[in-house]
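Chemist: Quick one: the structure is below, questions incoming.
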Amino acid sequence: MSELLLRHADSEQLIGRSCGALTGPGNSICWRVWAPSAKQVELFLADGTSSETEFRRLVMEPAARGHFVHSEADVAEGRRYAFSLDGGPLRPDPASRWQPDGLHRPSAVIRLDQFDWSEGTWQGLPRSELVLYELHVGTFTPEGTFDALAARLDDLRGLGVTAIELMPVCQFPGGRSWGYDLAHPFAVQNTYGGPRGLQRLVAACHRVGLAVFIDVVYNHFGPEGTYVGDFGPYFTDRYNTPWGRAINYDDAGCDAVRAYVLDNVRMWIRDFHVDGLRVDAVHAVYDFGARHILREIKQMAEAEASRLGRPVYIIAESDLNDVRLIDPPRAGGYGLDAQWADDFHHAVHAFLTGERTSYYSDFGRADQIVKALNQSFVFDGILSPFRNRRHGGPPGPHSGDRFVVAIQNHDQIGNRPRGDRLGTILEPSQQRLAAGLLLLAPSIPLIFMGEEYDETRPFPYFCSFEDREIADSARRGRRLEFAYEGNEDEVPDPQARETFESAKLSWSWKGSRQAGLRQLYQTLLDLRRRRFPLARSHAHRASLLKTGTDSPGILRLERSIAVESCGAPTGATGAQEESLVAYFNLEGREERLPDGERPDGRLLLASEDRRFGGAREESAPADILMPFEFWIFGPSRWSD
């Protein structure tokens, strides 16, 4: 048996049989639920597909290891159902695939495997071609739905991104949330369009050549509507997370919990055809067993990718600066495909804004931007004054396409009191410079929705808890979070509809500055795709140039690109290299390139060109960079 088939068989054994309302022979449905402490579990099944119909009470049959099952023939899609444990109150299915009436109401039958996929010729993307565009479905369009998002895909494709990354879309309380307070990890948010809406969106993305990533949360559940704890030991008291009780991956009863999470991974790939998962805050996924759950998540993704016949990626968000996440299993790693490298964001943000609060107190120097460009991690085992200890480890020999970098994302905007974006803090020339650093960096870039045209609307934290006590707690917690900075009076009410509405994109770049910034992003992404793709990036080196002062001066970034020569394939003996060189003026004043630094090649781009909203005149000196300007040079043979 091949290694891949062995991995697939192993992953099937890991999860056993799925839970939920699952398609059986003909038009039948088999309900399966894990409730190891219950003596009896009853299925309450609606007579029709309306939420107001009468329910029949059916006693479920006990099965192995605390499971209960029941099958019914000829079940219509949409029929509501719920469970009762030992005569207790009705509860929605912990593995519900559809909550059409909301978080607390009964679940509904849906046959996810019965969708007519029309994806064109989609075969997936190499990891090196990923350009991620992070977005929130509810605020991306006025309608806040999957179908409305699909109508905007041509704008994203025209920009030059290759993948969208959806913030969590699992069922949450009410209709307004970032999505990280999920309660039903298998059910797609009803107000977004539910599971069918997501399937339509993924198919539409693939038809236009865009990959789809889903942000998933495997470290905690939200505070409201989390009924899984009624069914079994989904939580452990061994560990704590900042957001709630830790999920049980290594304590008594954890086998079924692990199977639950792995089945969730399988569902996103098999039933929704997603191209990857962004796993939220894996530093709060606690598992001290012999086989870490993250490794098994990757195995499950590999098995399902084999079924689809195309790549599927697992990307971890982590603040540990630990490449064990992406190291191969033979080296003791988990074998994930990539991880976030937040040091890049912190270094660029702190330097350009001058902010030094919280974790930004560790950053602010130009040489840290250089280090982030050269090796992804600034803190690679050195002392972090903010943490008062050494932090991180060396990045090792990993290529740039194993790290995701950003200058804005939902956390870094939303973790500000008002959720204000970078454009409200920086000068336009600084924004352009930050964009250049991001899109020239030898890593996978992530763009946050609206960043490309300097969206001025904020992205504050918002929620819509239905439980009054939890809602009040969210308000108090948000204010307390910023009390130490004296900003608590600036925090908008996260429960208010106005806070949510304020975050909706304007989709307006009519002004010359905004249109110019979008043109810069589009041009840089086109250059990146045609001239310096990660797949052909052989080497890179960033350094600071001496300009005769003690100030940071000019950052020089060189990227070496492999090119074919004499018919030899790229990377083979006989292949040659060409270099792209960029100069970034890190100063708020003009800086002259040092003698001998101007390359012989062709000037491909000057960020202060008027087409990008800058103020460079045609008569401006050819060796002087304007404040915060950057230039890109390439080989003379490169044409526009």
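Chemist: Filtering segment 33-77 down to residues that are under 25 Å from Pro100 (Cα atoms), over 36 Å from the mean Cα position of the chain (by Cα) and polar (S, T, N, Q), which residue is surrounded by the fewest Cβ atoms within 10 Å (Cβ to Cβ)?
Modeler: Thr53
Chemist: If you scan segment 183-197, which residues turn out to be surrounded by fewer than 24 Cβ atoms within 10 Å (Cβ to Cβ) and under 18 Å from the mean Cα position of the chain (by Cα)?
Modeler: The answer is Pro185, and nothing else.
Chemist: Give the residue that is surrounded by the most Cβ atoms within 10 Å (Cβ to Cβ), with candidates limited to residues of segment 578-616 that are of a type in the set (Asp, Glu) and outside any loop (DSSP other than H, G, I, E, B).
Modeler: Glu591
Chemist: Further, regarding this structure: Taking segment 489-511, which residues are more than 19 Å from Phe448 (Cβ to Cβ), free of Cβ contacts under 8 Å to residues at least 40 places away in the same chain and in a helix (DSSP H, G or I)?
Modeler: Residues satisfying the conditions are Asp489, Glu498.
Chemist: Determine which member of the set Glu452, Glu466 is surrounded by 20 or more Cβ atoms within 10 Å (Cβ to Cβ) and either more than 25 Å from the chain's Cα centre (by Cα) or in a helix (DSSP H, G or I) (or both).
Modeler: Answer to the check: Glu452.
Chemist: Right, another one. Does segment 176-197 hold any residues that are modelled with pLDDT of 95 or more and assigned to a loop (DSSP other than H, G, I, E, B), and which are they?
Modeler: Arg176, Ser177, Trp178, Gly179, Tyr180, Gln189, Gly193
Chemist: Is one or more of the residues making up segment 113-122 free of Cβ contacts under 8 Å to residues at least 12 places away in the same chain and out of contact with any strand residue (DSSP E or B) (no Cβ under 8 Å at 6 or more places or on another chain)?
Modeler: yes
Chemist: When the residues of segment 523-540 are narrowed to those that are more than 15 Å from Pro442 (Cβ to Cβ) and either surrounded by fewer than 17 Cβ atoms within 10 Å (Cβ to Cβ) or modelled with pLDDT under 95 (or both), which ends up farthest from the chain's Cα centre (by Cα)?
Modeler: Out of the qualifying residues, it is Arg530.
Chemist: Of the residues Gly364, Gly335, which single one is of a type outside the set (A, V, I, L, M, F, W, C), at pLDDT 95 or above and more than 20 Å from the chain's Cα centre (by Cα)?
Modeler: Gly364
Chemist: Within segment 287-322, how many residues are hydroxyl-bearing (Ser, Thr, Tyr) and touching a residue at least 60 places away in the same chain (Cβ under 8 Å)?
Modeler: Residues in segment 287-322 being hydroxyl-bearing (Ser, Thr, Tyr) and touching a residue at least 60 places away in the same chain (Cβ under 8 Å): 2 in total.
Chemist: Going by the conditions given, is Arg421 surrounded by 21 or more Cβ atoms within 10 Å (Cβ to Cβ), closer than 22 Å to Phe482 by Cα, in contact with a Ser or Thr (Cβ under 8 Å, 6 or more places away or on another chain) and of a type outside the set (A, V, I, L, M)?
Modeler: It is true that Arg421 is surrounded by 21 or more Cβ atoms within 10 Å (Cβ to Cβ), closer than 22 Å to Phe482 by Cα, in contact with a Ser or Thr (Cβ under 8 Å, 6 or more places away or on another chain) and of a type outside the set (A, V, I, L, M).
Chemist: How many residues, within segment 374-428, are modelled with pLDDT under 95, under 19 Å from Phe351 (Cα atoms) and in contact with an Asp or Glu (Cβ under 6 Å, 6 or more places away or on another chain)?
Modeler: So the answer is 1.
Chemist: Mind checking which residues of segment 325-339 are part of a loop (DSSP other than H, G, I, E, B) and touching a strand residue (DSSP E or B) at 6+ places or on another chain (Cβ under 7 Å)?
Modeler: Listed by number, the residues that qualify are Ile326, Leu336, Asp337.
Chemist: Could you please find all residues in segment 368-383 being in contact (Cβ under 8 Å) with a residue 40 or more places away in the chain and over 18 Å from Pro442 (Cβ atoms)?
Modeler: Within segment 368-383, just Phe379 meets the criteria.
Chemist: Quick check on segment 340-358. Is at least one of its residues in a helix (DSSP H, G or I) and either at pLDDT below 95 or in contact with a Cys (Cβ under 8 Å, 6 or more places away or on another chain) (or both)?
Modeler: So far as segment 340-358 goes, yes, one or more of its residues are in a helix (DSSP H, G or I) and either at pLDDT below 95 or in contact with a Cys (Cβ under 8 Å, 6 or more places away or on another chain) (or both).
Chemist: Would you pick out the residues in segment 198-211 that are buried (at least 21 other Cβ atoms within 10 Å of the Cβ) and part of a helix (DSSP H, G or I)?
Modeler: Answer for segment 198-211, where residues must be buried (at least 21 other Cβ atoms within 10 Å of the Cβ) and part of a helix (DSSP H, G or I): Leu198, Leu201, Val202, Cys205, His206.
Chemist: For the structure I just gave you, tell me whether Glu143 is farther than 30 Å from Arg32 by Cα and not assigned by TED's automatic domain parsing to the domain that holds Glu451.
Modeler: no
The values are calculated or read from the model by the stated rules, or taken from the named source; none is laboratory data. Keep in mind it's a predicted model, so treat the numbers as computed, not measured. No Cβ is skipped: glycine too gets one built from the backbone with ideal geometry, and neighbour counts run over all protein chains shown.
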